[in-house]
Amino acid sequence: MKAFFNDIKKVFVENKKMAMCGALLTLTLVVYFISWHFTIITFGSIYSVLDVGDLFIRRANYYLLESFLFASAACIVMITVRKPLIKRIFIGLFLAVFAVSEIIRMVDWGALYFMGNHIDSNFWAHAFYADGLVFLIAKESLALYVTVGLFFAAVHRILKKMYLISNAEN
Amino acid sequence: MKLKLALVVICINCAACLLAGGFVYSLFSLGNYIRDKKMEARAEADKKAGAGKNVVDLKLDNKALMDREKTFDAAKTIKESYSKVKTGNPQIYTSLPEMEFFRSFYMFYFLSHQLSSREVTLDPEIVRGFLKKGQLLYSMDRKYPFMKKSIYLDRSRKSYNKPAIRPGTNIVIIFVESLSSFFLKEEIHGVKGLMPNIREMGRESFAFTDMYNSSYPTLKGLIAALGSALYLLDEEVAGTRIPVPCRFLFLSNVLKKLDYTTIHIQAGSERFIGMKNLFTEREGYDYFYGSESLLLDNISRLERGFGVDDEKVFDFTIEWLEKYKGNKPFLLTISTINSHPPYKGSYKHPGSGGNPMLDGLHSTDKAFGTFWEFFKKSRFSGNTVLILTADHAMGNSNEYTSFVRNFEDHYKPFFDTIPCFIRFPGGAWNGVRNGTHCVSLDLTPTILDMMNLDLANPFMGLSIFSERPYYRPDKANLNLKYDEKQYETAKKILGFYLNTYREDRILPRDFKVQLY
């Protein structure tokens, strides 16, 4: 048992960077998911986060699990897959899914903040006519773009780092 | 080696999650702790400041219940707290955005697409149910289920105790965006001078005081009022909503038979879901002016919203009327926009508390005020019927919720009572009120009834004077709960409506207005 733990310790010390990248990716995703709800409740609703405590905690738990699964999947692919091309495809897919999620969250955040409701059939009815998405040209929406850009850059950077580390190790 | 590394990374990720979770829980506990402390401190301070004045100590023993004042205070506090909790749905802030997105996409596009794909013939039982509510189906042609021979289900009910409109009288109908009647009730909401001009018109006109909007949003509201039809087909995401695929019988179609000139002026886009085409090519309008037509000298204002300002709309209307030299009577319909999210009004009301929805309503009222002053003094005052109503009630925006949260009984987003003021030429019938429970679908049949015109039609509404008193419309209920059978029936009825619209089976292709 002791030998096993020593082994694990040794593996950790030797791959500290990869492990830290994994943890960083997990934390980034956690912050990305949870801050969406935190900010919309704080800035866009008549409630405080404490008012919706139970619901918020339940959602946070879900996001913790989701972030763990996504980040772990990324780490495992980087560690186990040998071919750089497959890794790059995986990173591309990961980033594409993340970007779709970001766009949805950006528009939905704006819909909730500016129109008081989620994207719904009324939203779709107006979506591509000016008023459905008119908030996207509001000055306040700059904050949405900046946030989305920052998160995307962070995830991209972490994945790239993991890719480089894993390639160097291989 | 790789397996061990994967194990290590998973453990580290797990630890990171636990750390983040711990952080969130700690913040939460800390927040709750601070809040509890603050509440305790406030309660203590209130107690010291003189308990019993503002503090409600709700102990439901006989002694407390016998103290009438205290009990009422307590009940009020409970109601206020309850109202705060009830007038919003906190769950929407914690649901998954991605899930909301895809679900709404599916509901909007595919569900409507599937339900409208085949022709549905309603069972006799359902048809009888419709008739009980004042809607006659399949009376002329199975292919065009809404067509019926008369605007009256029973001609013997035609009322003669009503205002009359002589054919040839000009008609102006103003649809104020999202104007629930509540906003005109200053004595309830307390914002004095919010809409003084519309209120004044209400005082100086005939009014239907219990009219509900039948549809939401604007286009459907206009179709309900002008075409007496519930349009439910909303689909297509690729590019825009599909243009309305069917033809309704609008008031304008009928009045064209009497040689009316027909004009629509609106603040919003004329291209939106092919509105201009619908109005001019199918619904008998001669002229249609939307934001694009009114845009040239109004670019700066367009940038602030998504249509031109209501001031521009009413200025243009006045200009149009002043220039109108035709001998023909006209039907002029106007649709405003300032009170539509994102509420870009030109004026701020001092009592709005920074609520842009109230500023938007106030701006519309100001713009209408200019028109109203012009109209009263103009040559049209003696030969024009002026109707002011709403396209629909206010939607559930944050601005609406935060304003109405203190008036829980009046919190009716989307479907609510809307004003319907009618100023007859020369001020006849001023101040008369009609409290019949009615819906905006009834507007066109009622106007035709007042004009003593009758024709074969696909109207879903009834004349408020003649037949609506016999058929009480359902009040809007957004929280319907169905059992399986009811659900199937509802699905069938929805499919029936959607398919009828999709296949353009409201009016027969060769339909021509024949007035009796």
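Details
- Per-residue average of Cβ from other chains inside 10 Å of A:42-55: 4
- Between helix A:84-115 and chain A: long-axis angle, C-alpha atoms, 0 to 90°, nearest 10: 20
- Using the Cβ-Cβ distance between A:Leu95 and B:Lys47 with R0 set to 60 Å, the FRET efficiency from 1/(1 + (r/R0)^6) comes to roughly 0.55.
- Anchor B:Lys485: lysines whose Cα lies under 25 Å away (excluding residues fewer than 8 positions away in-chain): B:Lys132, B:Lys133, B:Lys475
- Estimated FRET transfer efficiency when R0 is 41 angstrom, pair A:Thr39-B:Tyr324 (beta carbons, to 0.05): 0.20
- Cβ neighbours within 10 Å from other chains - mean over A:71-77: 5
- Entries in B:Lys192/B:Lys344; B:Lys323/B:Lys512; B:Lys276/B:Lys491; B:Lys162/B:Lys328; B:Lys276/B:Lys366 that, when Cα-Cα distance is taken, lie over 23 Å: B:Lys323/B:Lys512; B:Lys276/B:Lys491; B:Lys162/B:Lys328; B:Lys276/B:Lys366
- Inter-part distance, the stretch B:181-219 to the stretch B:90-156, computed on C-alpha centroids, equals 29 Å.
- Sorting the segments B:333-346, A:30-43 by their mean number of nearby beta carbons within 10 angstrom, highest to lowest, gives B:333-346, A:30-43.
- Peptide ranges A:4-10, B:493-499 listed from the most packed, as the mean C-beta count within 10 angstrom indicates: B:493-499, A:4-10
- The apolar share of the surface of the protein assembly as shown, taken as the fraction of accessible area on carbon and sulfur atoms (1.4 Å probe, ligands and nucleic acids excluded), comes to 59 percent.
- Solvent-accessible area buried by pairing A with B, both sides, nearest 100 square angstrom, 1.4 angstrom probe: 5900
- When +1 charges are put on Lys and Arg Cβ atoms and -1 charges on Asp and Glu Cβ atoms, the dipole computed for the protein assembly as shown relative to its Cα centre reaches about 1120 debye.
- HN-Hα J in Hz across the stretch B:424-431 - Karplus 6.51, -1.76, 1.60, θ = phi - 60°, x for Gly and Pro: 7, x, x, x, 4, 6, 4, x
- Cα shape, the stretch B:146-239, gyration tensor, a/c 1.5 rule: oblate
- With the simple spin-label model, which puts each label point 7 Å out from Cα in the Cβ direction, the B:Met39 to B:Glu488 separation comes to 4.9 nm.
- For the protein assembly as shown, the solvent-accessible area of protein heavy atoms averages 47 Å² per residue (probe radius 1.4 Å; ligands and nucleic acids excluded).
- Cα gyration tensor category, rounded, prolate or oblate, for the stretch B:93-224 with a/c compared to 1.5: oblate
- Vicinal HN-Hα couplings computed from phi for the stretch B:378-391 (Karplus, 6.51 cos²θ - 1.76 cosθ + 1.60; Hz; Gly/Pro x): 7, 5, 8, 4, x, 9, 9, 8, 10, 10, 10, 8, 10, 6
- In percent, rounded to a whole number, the relative contact order of chain B is 26, using alpha-carbon pairs under 8 Å and six or more apart.
- Each of B:Leu443, B:Tyr160, B:Trp320 was scored by the projection of its Cα onto the charge dipole of chain B, and the greatest displacement toward the positive side belongs to B:Tyr160; charges sit on the C-beta of Lys, Arg, Asp and Glu.
- Modelled spin-label separation between B:Phe407 and B:Phe110, with each label point placed 7 Å from Cα along the Cα-to-Cβ direction: 4.2 nm.
- Förster-model FRET efficiency, 25 Å R0, B:Tyr516 and B:Trp429, C-beta, rounded to 0.05: 0.50
- Cβ crowding within 10 Å averaged over residues, with A:11-21, B:257-267 ranked highest first: B:257-267, A:11-21
- Note on A:Leu65 and B:Arg203: the model spin-label points, each 7 Å out from Cα along the C-beta direction, lie 6.3 nm apart.
- Modelled label reach - B:Lys257, point 7 Å along Cα→Cβ, the stretch B:495-516 residues with backbone N closer than 11 Å: B:512-516
- Prolate/oblate/rounded label for the stretch B:320-466 (Cα gyration tensor, a/c 1.5): oblate
- Peptide B:22-31 has a mean of 3 when you count, residue by residue, the C-beta atoms of other protein chains within 10 Å of its C-beta.
The values are calculated or read from the model by the stated rules, or taken from the named source; none is laboratory data. In this text, all values refer to a predicted model and were calculated from it rather than measured experimentally. Here the Cβ is made from the backbone with ideal geometry for all residues, glycine too, and neighbour counts use every protein chain on show. Accessible surface is based on the protein model in full, side chains and every heavy atom, while ligands, DNA and RNA are left aside. Shrake-Rupley method; radii C 1.70, N 1.55, O 1.52, S 1.80 Å.
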